[in-house]
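The values are calculated or read from the model by the stated rules, or taken from the named source; none is laboratory data. These figures come from a predicted structure and were not determined experimentally. Glycine gets a Cβ as well: all are built from the backbone with ideal geometry, and neighbour counts include every protein chain shown. When the accessible area is computed, the model is the full protein with side chains, heavy atoms only, and any ligands, DNA or RNA have been set aside. Shrake-Rupley method; radii C 1.70, N 1.55, O 1.52, S 1.80 Å.
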Amino acid sequence: MSRSRRRRRTARGLWVAVPTAGAVLAGIGYLVTHDEGPQRPVVAVTVPSRAAVEGPQAAAHPSPSAKPTKARKPKASSEEKADGPSKHTDRRAADYFKRRWDDKPVKRIKDVRTVGGYLRIYTDLPESADNSDSALTLCERGLEYLRDQGVADPVVFVQAEFGENGNPVLANILGPGDDNCRVTHPEPG
């Protein structure tokens, strides 16, 4: 009877929760080298994750051997970049510009959108082209388009190509109180 009792203690001691893979391997090594009788069935052992063993703090403080991962920036879609016609394109406005004028400023247009009652003219002009001749011309033409459409308080934005700052405004009309398309910059101080 003492012999069977001894086996039970040994078997019971092996089923204690094992926190590391090294301990699992040591336990398997013990079973292989200390065979005491008939073959025992092989049992699959699942090693718990570090977070499961050490708690939620393990996820907040990764181990020194863990490789840091870079957070990926979501790429801007072509609709966000406004670098061509999209489902948001105001087809009537785009056709108006192409039909009325065939010059350099109109060829700079990549997309025309009416968003929230505002006319936005997206161009391939650089961010440094604020108050440029092309930007001001497109703004004035956008204003003319909105007046032809019967808009009482027209608002027009001419925007640069997509960059680090999105599509910066190069020229604008901000409603009835605005008398020109020039973008103003506040004085520092």
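Extension gain, Asn165-Asp103: 0.36 nm per intervening residue step, less the Cα-Cα distance, totals 19.5 nm. Sparse packing (at most 16 other Cβ atoms within 10 Å of the Cβ) combined with a DSSP loop state is found for the following trypsin sites (Lys or Arg not before Pro) in the range 137-189: Arg182. The residues of the range 91-173 present an accessible area of 52 Å² per residue when probed at 1.4 Å with all protein chains retained. Fully extending the segment from Glu144 to Arg91, taken as 0.36 nm per residue of separation minus the present Cα-Cα distance, adds 17.4 nm.
A full extension of the chain between Asn131 and Val151 corresponds to an added length of 4.8 nm, given 0.36 nm per residue minus the alpha carbon distance. Once you place label points 7 Å from the Cα toward the Cβ at Asp179 and Asp124, how far apart are they in nm? Output for this residue pair reads 3.7 nm. For the range 91-173, a simple Cβ point-charge model (Lys and Arg +1, Asp and Glu -1, everything else neutral) yields a dipole of about 420 debye relative to the Cα centre. Remark: C-alpha extents of the range 91-173 on the principal axes read 35, 27, 21 Å, sorted largest to smallest.
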